[in-house]
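Take a look at the structure below.
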């Protein structure tokens, strides 16, 4: 499970915003190798991959190694007097010996490295090599680091290619340019997290046979004792494991070709054993891990659940405290107990690594349950190449083949011999059969794909296709295709190989008459905007502090994983965001804003209309403004109601965020739907605002029922009356008093003047009313109207109010 | 005397003076009236001739007065009108210049397109349950497909919907096929916020279910939308991809001329596919097929207007909001 992570997918990092998931890098040249060279150029390959549903995110053009760099040995190293870290080194490429000054800690005699000669342009260093003198020593070249050479991101020492690199060869010949296609894979395609998987899709599309690497490698004989033993405690979580012994390896740098492959994947080469395990992970998709044989107590590898509180230090050098649900790889320790050496399917341990003097290697290839791996990775906030693969599903039948491939490669590269035995558990699984009717491709996709093409496509993808009858096939998907369950899945496979571009365009014949309604409140938005308000859209997230600042109801719904405290709860009202917008737009001479959106209360989610006004409602510009007050706000609401054929009334109310004397409950068609009023000065001060008016109404707003009524043709008669009453007697109460006393011939009452001051005394208020009387059948006489007015006046006096002459 | 009277009429500089002139000559005690009264004292043979002359003078004076009155009145009107002249180049009274948010405008346009194509419009809750957002949409428990949704969970185990697709399930629970419906609305993803990614954005979802709906119907619907938005003959493209609630699944793109750069390019819009049989099973539908597609609305607002930062939509800054007026 040891996996060096690709650059850019560091532990715990999230995929780039907007990406559907982790990316996989596939070098074009490597893909071509798996297809026997039968692969079109990069551009066409990208088109093919996109068309197959393996979405190409980008293509990286990696340059060849620089010119005028040759493979050379370090043949002499000598300290330079007066310098702490610079040495005089001589590099030999078999023909010439070149003296250089070098500061790399690994510049030792015998290291086979790369010598950049004068004229070589080092892309990672940004300079051209030239002969010069340092500390009085002539330096006629550079022993370069991988970073300086632009090979991969390691600058800690000179590049080390191991003893098999051809001395004197031009590095550019060994390290040609490569195009690396970066795929953004969907979570169903765990099988495509490998070169093999991607090549298989391409081969199926192109009709080119796939060369499966290591297909004929020796998988070992379980009957032969190799001195290793497996103890698998939880076979459901680890249904398959193979452990293979390779004896007598020599740990050294990997050969150039392997370093180049890993570099193209964005990995940093380490040593020949570890590099092979990483190589096979990416080549076949099977995470593998190499243990130093000495680490395994008694040659035993255990797979068990962790003990609560058990500790293990993983490759990222962090100690982690495990819980009982975690699955670990372990080995007996000296005290007869069991010591965890890795978190199964996620990351290996630090102490079991292959080191310089490792001789015998125990190679593990296992299959782990996707959910067990996924939960462990999430619990310990790890995200690794192994875990990505396991949680999406690795081919459960792959471990023996991947193990054979890796063991053979290690023996080939690092020497040593693969033990003929193998310690293995589990057996091959066969996925359930799917009943498939080729005719359904035409039915669902409206695209004709011949049956023989369908069969060939399915088989090329690894399916086993059986069926005598024309339209009743039995298809067994390959073990690596976890995503194939039902007929529709196979229809998609056939269709994507045939090409979605062949899907036609039709319009369904359908008897469906959509209802006419306005669930998005288009009409209301237009009406409010037409009254001069600008629509805003704000976040449903807010913070407890923001709600408290606005004196809004405390949050009823909180997020468990918010983006910061100021986005940790859901809004309980629309006006706080309108206030924030008003503060933002402080420099505007006048403001009128609205928003329609959802608020989230303890009792549930509701949709609202929120409105805010500040400053004059009409600006004179070069003459006087029309000032804003409560009655302008009320007038807007009344206009809105009138347009809906509805009726809105205000009654005094109290709300924490409203001025106690300028706050109204809105009664719309008889139902309380919200409030309107002036922002409480204390709240206004927190936003450094003043003169702000608000309204907030619950949606939908009821519409009035419209019916035709005849209109009066008879003349009306009007009389005026000034009533003096205490100032706290609401106009609505006076109106009701007058209406009740005036009789049925009263058509309307309208206040036309409201006066407070000296003439009515302290605490009094005069309200001048104009009463309009009318009968529908004939004109009223003066006497009749005067009679009504006498009734009104006596009712006013009876109520204890005065009538002003 | 006639000359004297006519001169007096001409000299009258306003209607009052003109009235005084009239009284002086034609009033009850006016000079002409007096002469008329004095006719009786003349011998009969002279009386006739004198009478005729006086009447001629009277008529002449009255005509002169009438003409003078009209002139004076015209001058008075002209004076008043001149005094009432306004400088029409001064600015008008500023009422609030209200308007709709750009996202509303783009959404409305899309809804116009789809209602014209016979779709119903439906909306749904933003606070959802795991069942509607995932379970009923064929997201297995503990599957990486859930990670990609970057879900905001609430402390009580609910979630902010990560797509408008829960409304597929809710709508199907309340209706019987066949139908065509679109669902606009806010959706939420807990992902890093930057110039092109917001934690809150808007989607439009379409769902069509009937006895035999095909992938070609889906392609046709996307084509119709593309034609309505970008003109007849706009090319579209489907490419295979994976969403748990459709099978086969695809992502769709529209080939358009980017109005900002003037270049022809593919605009990746959203995902689509045939409704997964498990989704139909979750709502108890049998014997039908259907398609669904969905896409982000912000993209259709950002790209054409060249808005550099998606966050501008949610800041409430009038310097941004009021730019979007008039025809879309």
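One table, with the values for the structure above:
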| item | result |
| --- | --- |
| Elements of type strands (runs of 3 or more DSSP E) contained in the stretch B:232-328, each with 1 or more residues being within 11 Å of chain A (Cβ to nearest Cβ), touching a residue at least 40 places away in the same chain (Cβ under 8 Å) and in contact with a strand residue (DSSP E or B) (Cβ under 7 Å, 6 or more places away or on another chain) | B:246-257, B:264-275, B:289-296 |
| One residue from A:356, A:351 being in contact (Cβ under 8 Å) with a residue 12 or more places away in the chain, away from chain B (no Cβ under 14 Å), surrounded by fewer than 22 Cβ atoms within 10 Å (Cβ to Cβ) and out of contact with any helix residue (DSSP H, G or I) (no Cβ under 9 Å at 6 or more places or on another chain) | A:356 |
| Residues (within 7 Å of chain B (Cβ to nearest Cβ) and touching a residue at least 12 places away in the same chain (Cβ under 8 Å)) located in the stretch A:490-527 | A:491, A:495, A:496, A:500, A:503, A:504, A:506, A:525 |
| Test for residue A:335: is it modelled with pLDDT under 90 and surrounded by fewer than 24 Cβ atoms within 10 Å (Cβ to Cβ) | yes |
| Positions within the stretch B:113-122 being surrounded by fewer than 19 Cβ atoms within 10 Å (Cβ to Cβ) and either in contact with a strand residue (DSSP E or B) (Cβ under 8 Å, 6 or more places away or on another chain) or at the interface with chain A (Cβ under 7 Å from one of its Cβ atoms) (or both), in sequence order | B:115, B:117, B:118 |
| Any hit, the stretch A:362-374, residues being in contact with a strand residue (DSSP E or B) (Cβ under 7 Å, 6 or more places away or on another chain), within 30 Å of residue B:146 (Cβ to Cβ) and in a helix (DSSP H, G or I) | yes |
| Meets criteria (more than 8 Å from chain A (Cβ to nearest Cβ), closer than 24 Å to residue A:570 by Cα and under 19 Å from the mean Cα position of the chain (by Cα)) for residue B:110 | no |
| Subset of the stretch A:574-592 that is more than 9 Å from chain B (Cβ to nearest Cβ) and surrounded by fewer than 21 Cβ atoms within 10 Å (Cβ to Cβ) - its residue that is nearest to residue A:680 (Cα to Cα) | A:583 |
| Every residue from the stretch A:359-397 that is closer than 16 Å to residue A:214 by Cα and buried (at least 23 other Cβ atoms within 10 Å of the Cβ) | A:363, A:365, A:395 |
| Hits in the stretch A:545-565 - residues which are over 20 Å from residue B:198 (Cβ atoms), more than 7 Å from chain B (Cβ to nearest Cβ), touching a helix residue (DSSP H, G or I) at 6+ places or on another chain (Cβ under 9 Å) and outside any loop (DSSP other than H, G, I, E, B) | A:545, A:547, A:549 |
| Among the residues listed as B:211, B:198, B:224, the single one being farther than 30 Å from residue A:488 by Cα, out of contact with any strand residue (DSSP E or B) (no Cβ under 7 Å at 6 or more places or on another chain) and at pLDDT 90 or above | B:198 |
| Breaking point among (1) without any contact (Cβ under 8 Å) to a residue 40 or more places away in the chain; (2) surrounded by fewer than 22 Cβ atoms within 10 Å (Cβ to Cβ); (3) touching a helix residue (DSSP H, G or I) at 6+ places or on another chain (Cβ under 9 Å); (4) part of a helix (DSSP H, G or I), for residue A:456 | (1) |
| Test result for residue B:191, at the interface with another protein chain (Cβ under 9 Å from one of its Cβ atoms), touching a helix residue (DSSP H, G or I) at 6+ places or on another chain (Cβ under 6 Å), surrounded by fewer than 22 Cβ atoms within 10 Å (Cβ to Cβ) and part of a loop (DSSP other than H, G, I, E, B) | no |
| The stretch A:596-625 - residue that is within 8 Å of chain B (Cβ to nearest Cβ) and modelled with pLDDT under 95 and, of those, nearest to residue B:160 (Cα to Cα) | A:617 |
| Selection within the stretch B:279-296 - within 21 Å of residue B:258 (Cα to Cα) and in contact with a helix residue (DSSP H, G or I) (Cβ under 6 Å, 6 or more places away or on another chain) | none |
| Qualifying residue in the stretch B:139-153 (condition: in contact (Cβ under 8 Å) with a residue 12 or more places away in the chain, within 14 Å of chain A (Cβ to nearest Cβ) and not in a loop (DSSP other than H, G, I, E, B)) | yes |
| Test set (1) within 17 Å of residue A:512 (Cα to Cα); (2) facing another protein chain (nearest Cβ under 8 Å); (3) crowded, with 24+ Cβ neighbours inside 10 Å - residue B:160 fails condition number | (1) |
| Looking only at the stretch A:440-452, and only at residues there that are more than 38 Å from the chain's Cα centre (by Cα) and not in a loop (DSSP other than H, G, I, E, B), the one that is nearest to the other protein chains (Cβ to nearest Cβ) | A:451 |
| Test: residue in the stretch A:54-75 that is over 26 Å from residue A:257 (Cβ atoms), over 50 Å from the mean Cα position of the chain (by Cα) and in a strand (DSSP E or B) | no |
| Criterion: in contact with a helix residue (DSSP H, G or I) (Cβ under 9 Å, 6 or more places away or on another chain) and either in contact (Cβ under 8 Å) with a residue 40 or more places away in the chain or not in a strand (DSSP E or B) (or both) - qualifying residue of A:114, A:104 | A:114 |
| Checklist (1) away from every other protein chain (no Cβ under 11 Å); (2) surrounded by 15 or more Cβ atoms within 10 Å (Cβ to Cβ) applied to residue A:487, failing item | (1) |
| Residue match in the stretch A:417-432 (condition: within 14 Å of another protein chain (Cβ to nearest Cβ), over 14 Å from residue A:245 (Cβ atoms), in contact with a strand residue (DSSP E or B) (Cβ under 9 Å, 6 or more places away or on another chain) and not in a strand (DSSP E or B)) | no |
| Members of the stretch B:79-96 that are assigned to a loop (DSSP other than H, G, I, E, B) and more than 7 Å from chain A (Cβ to nearest Cβ) | B:84, B:85, B:86, B:87, B:88, B:89, B:92 |
| Residues that are touching a strand residue (DSSP E or B) at 6+ places or on another chain (Cβ under 8 Å), more than 7 Å from chain A (Cβ to nearest Cβ) and crowded, with 21+ Cβ neighbours inside 10 Å, drawn from the stretch B:123-138 | B:128, B:133 |
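The values are calculated or read from the model by the stated rules, or taken from the named source; none is laboratory data. As the structure is a computational prediction, the values presented were derived from the model and not from experiment. Note: ideal-geometry Cβ built from the backbone for every residue, glycine included; neighbour counts use all protein chains shown.
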